[in-house]
Every structure is written in C-alpha cells, then in structure tokens.
Amino acid sequence: MFNEMYDGDEVRPEYRIVADWLAANGPDALNEKREEAEALFKRIGITFAVYGEGGDPERLIPFDMVPRIFGADEWERIEAGSIQRTRALNAFLTDVYNDREIIKAGIVPAEMVDQNEAYEPVMKGFTPPGGIFSHICGVDLVRTAPDEAFVLEDNCRTPSGISYVLENREVMSRMFPELFRSGRVRPVDHYGDMLAEAMASVAPPMCEDEPTMAIMTPGHFNSAYYEHTFLADLMGVELVEGQDLFVEGDRLYMRTVYGPKRIDVLYRRIDDAFLDPKVFNPESMLGVPGIIDAYKAGGVTIVNAPGSGVADDKAIYTYVPEMVEFYLGEKAILPNVPTWRCGREDELKYVLENLGDLVAKEVHGSGGYGMLIGPKATAQEIEDYRKRIEADPAGFIAQPTLALSTSPVLVEQGLAPRHVDLRPFVISGTETRLIPGGLTRVALKEGSLVVNSSQGGGVKDTWVLNAGGV
C-alpha cells in the first residue's frame, strides 16, 4: 500500500519538513508537544458526541500530532476534482427537482430519485438562488497511489468537521510556529470569510439590503453543537434555534430583546424532517412553521437546501461521473470507487458470491455504521449480512477493499503508518471553491480501515504546501 511519507526507505519530498524537524528535535520533543496540544484541546473544549454507549457521550476527539501533507501539484488535482464534482451535483439537484433531463436521457432511473427517502417532493419546480442546493459539500476521498485518488462518498446535506480543520491548524501553529513562519504551508483561516461571502451571494430575491445571516442548530444536545457555535463565532453571526425564529409575510424573523430582526440567509444544521412542521414532521419542536413557504416565496435562503440529500445517496453516488459528463461536458477528474449496486440482479449475484472479499454498505448508512468489511469479518458476520442484503437488495452497495494509503501517526514506539481519508469542504456561491486543506480522519487502530471518530478514529491537521515549498 502507498505510504504517503516514505518511498521505500526514502522520505518523500512532501514530508521532508516533518523529517527535518524530527531529526533536529527527536521523538521525545514530539511527545511533549502532544501533551501540550491535548491540554489545549481540553481547555478549548473541542468535543464530539457518541450516543448509545452509556456514560458521558461528550468526548475530546483523538488528535495526532504528525500532519498529513500534500504537495502543490497533488492538491491541484484534488481541488479541481472536488469543485468539478460539486458543480455537477448541484446541477443534478436543480435538474431532478425541475426538468429531470438526466432521467429523460435514461442515465439515472426515475425510481432511484422518486423512491429515495431524501427526495423532497415539496421542492419540485423550485430553483434556489444561483441554482445552488448544496452550498457546503463534503467530498470524502481516499488515495491508493501518489497520483491516484478515489471518491468514497459525497455529503451534500450538512457535512460536519470543518471546526476540527480550523482548530487543528490553530493548535498546530502554536505547537510548531517555526514551521509556519516559513510560509511553506498554505493558510486555512479564511474559511469563515469564504463561507460568509458565499452565503451573502445567494441572498433571496426579497432581500434589498446587506443580507442578515444566521446559523440554525437543533440545540446543545446535538453531536455537532460545538461546531455550530464555532462557526457562528467565526463568522460573527447569530446562532439560533427554532424557538428563536418565526415567519411572517413570507419573511423569516429572529426574536430579540429589541424586537423582531429579519434573517435573509439561514445556514441550517438540522435535518429536513425537523425543519418545518407544516411540511415535514408535524411533531417537530425544533423547526420553524412556514419556513418552506417563505423559502419558495423568495423571502429567505436556506443553506443547504432541503432535499439536497438525494444527491449523496450511496446508490446515486454511482452515477456522479456520468453527471459530470452530462451537465458539464467533461470527464470526471476524480473517479468513484468501483461499485456494485445490489439492486441489479447480475451485480447482486456477484456481491453475494464474493461478499467475504468486499466492503458492503447500506445505501442510506453513515458514520461507518451498518457496513461489512468482508476480509476482516467472521464467517457468521458475513452470513448475517448476506441475509440482510437478500432481504433488501436495493438497500445495499458493495465495493472492493482498496489498499488505502497510510500516513504516519505518533505511537509509543515512534511513528507508525495508519490508514487515512480526506474530506475537503467545497463552498458554492458566486464561485465554487475550497480552502487548501480538509478534514483528515485517521484509523488509529493498527490495520483498521474505519476512520470515523465515533468508532475509534482520530483527526490530523492537513497541510498543503505552496508551489516550490517541498
């Protein structure tokens, strides 16, 4: 498998900055830095939540001190491919809620859209400002070679993790100021400005002045509440809950001690089902009655739009390269992982015959749950999963077990390779762009392929070097 730090016994050019620091300071100094960083994380209180395991669900996410590093050329391809993919996904979302040209062309089956639990019929015939449904899209990538990267999945609804990206960088810049003073590592601290500019650019038609923006959270019991508060502070906007908001005259307002204040652009971090009890779940106490009517009337813009989730379904994912060609007239820069759709009889037969060699996933699964890693599963686990697939073939996909790249992590014995993935966060407004970096998740358990923090994974700072910075 591809080791991102070493080419045989030689340090790859991108990681020379780390190797030189270790040669000058030694592993003991790195351990001391780790202890300082852990104390800083505890003081800041960067947490995520794991429910269903008993005890206090709030935990500090494991952080590894060795950065993951990309050269300028390596990043250029990831950046271009992520932007291309996000543009195609937004074109697909606008299309399936309006003219449905990709369905008429016979590329995506109608039932895969209409029967998708994330498809929201209330959005039919509606085009959001700028034609953007997914304003913040997380593209999950894995590498298998220096010049080979695959997309694992897309996150078009409410992708989380950007707070870790920015806080990781803040901590690392305090721990290793000398490495950042050189200017070799590209900064990421302009994310808040980039997001604010994008949100302002999609202000609703009724907005005549400078748009007022806010972030909507389900509340402090949500697993990503830290991130919601972080983003609100970063952007200098209000953090609101459903009970703080009301709709009147197709406009959205926030209750304040000084009276109602209009909200023009709302970045919601709440699931569709709870957003508007008049349209979705009537028992929701978290949403705002009438917000969908106000949205469709042009009184407010919702970031990300309801119904965006139809584009990140794991079965729809298999069609994204074809979307790129259909909507953009281009070949996909970043390919998908080869995928078998169990809803197709011939592909189901192959999957069932080779289940022990494949990774099988629920179409609507997330967080690393509900999946089978065949080569690491017991015979009984494989048989149990086989029965689940047979009971609902269309609810599953399968993929080969890729030889995922590794990045070094700090362990008691020194540095050791562990599997990693990457989530760049693509922002769409007047332009589609991203910061030079992303969320690197790492499987801290030796040999593990599961990087999710809820299942023992951790995070790293992701460095992108300037051209000539290697």
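The values are calculated or read from the model by the stated rules, or taken from the named source; none is laboratory data. None of the values given here were measured: they were computed from a predicted structure. Here the Cβ positions follow ideal geometry from the backbone for every residue, glycine too, while neighbour counts run over all protein chains shown. Side chains included, ligands, DNA and RNA excluded: accessible areas come from the protein's heavy atoms. Shrake-Rupley method; radii C 1.70, N 1.55, O 1.52, S 1.80 Å.
One residue stands out in region 312-338 among those that are modelled with pLDDT under 95 and assigned to a helix (DSSP H, G or I): the one that is surrounded by the fewest Cβ atoms within 10 Å (Cβ to Cβ), namely 318.
Residue 231 - would you say it is touching a Gly at 6+ places or on another chain (Cβ under 8 Å), in a strand (DSSP E or B) and surrounded by 14 or more Cβ atoms within 10 Å (Cβ to Cβ)?
Values: touching a Gly at 6+ places or on another chain (Cβ under 8 Å): yes; in a strand (DSSP E or B): no; surrounded by 14 or more Cβ atoms within 10 Å (Cβ to Cβ): yes.
The answer is no for residue 231.
For region 19-77, a residue qualifies if it is among the aliphatic types (A, V, I, L, M), open to solvent by 30 Å² or more (accessible area, probe 1.4 Å), assigned to a helix (DSSP H, G or I) and modelled with pLDDT under 90, and the qualifying residues are 39, 44.
I'd like to check which helices (runs of 4 or more DSSP H) are fully inside region 158-217 and have at least 1 residues that are in contact with an Asp or Glu (Cβ under 7 Å, 6 or more places away or on another chain). Reasoning before the result, please.
Numbers: elements: 162-175, 177-181, 191-201.
Hits in region 158-217: 162-175.
Within region 246-279, the set of residues being touching a residue at least 24 places away in the same chain (Cβ under 8 Å), open to solvent by 30 Å² or more (accessible area, probe 1.4 Å) and on the phi < 0 side of the Ramachandran plot comprises 246, 247, 251, 261, 262, 271, 274, 279.
Residues that are within 22 Å of residue 293 (Cα to Cα) and under 27 Å from the mean Cα position of the chain (by Cα): does region 255-263 have at least one? Don't jump to the end; show me each part of the working.
We begin by selecting, within region 255-263, every residue within 22 Å of residue 293 (Cα to Cα); these are 255, 260-263.
From what's left, under 27 Å from the mean Cα position of the chain (by Cα): 263.
Taking every residue of region 255-263 in turn, at least one turns out to be within 22 Å of residue 293 (Cα to Cα) and under 27 Å from the mean Cα position of the chain (by Cα).
Mind checking whether some residue in region 366-382 is at pLDDT below 95, of a type outside the set (S, T, N, Q), open to solvent by 10 Å² or more (accessible area, probe 1.4 Å) and within 17 Å of residue 108 (Cβ to Cβ)? Looking for residues that are at pLDDT below 95, of a type outside the set (S, T, N, Q), open to solvent by 10 Å² or more (accessible area, probe 1.4 Å) and within 17 Å of residue 108 (Cβ to Cβ), one finds none in region 366-382, hence no. For region 401-435, the set of residues classified as in a loop (DSSP other than H, G, I, E, B) and either polar (S, T, N, Q) or open to solvent by 10 Å² or more (accessible area, probe 1.4 Å) (or both) consists of 401, 402, 403, 404, 405, 412, 413, 429, 430, 431, listed by residue number. Against the conditions (1) under 20 Å from residue 136 (Cβ atoms); (2) not in a helix (DSSP H, G or I), residue 279 satisfies every one except (1). Kindly list, by first and then second residue, each pair from a residue in region 169-197 that is open to solvent by less than 20 Å² (accessible area, probe 1.4 Å) to a residue that is among the small types (Gly, Ala, Ser) and at pLDDT below 95, limited to pairs with Cβ atoms under 6 Å and residues at least 6 apart or on different chains. Matching pairs, first to second residue: 171/37; 175/37.
Can you confirm whether region 434-442 contains a residue that is touching a Leu at 6+ places or on another chain (Cβ under 8 Å), closer than 30 Å to residue 200 by Cβ and among the hydroxyl-bearing types (Ser, Thr, Tyr)? Within region 434-442 (the criterion being touching a Leu at 6+ places or on another chain (Cβ under 8 Å), closer than 30 Å to residue 200 by Cβ and among the hydroxyl-bearing types (Ser, Thr, Tyr)), the answer is yes, since at least one residue qualifies. Within region 137-160, the residues that satisfy the criterion of being within 17 Å of residue 68 (Cα to Cα) and open to solvent by 40 Å² or more (accessible area, probe 1.4 Å) are 146, 147, 148.
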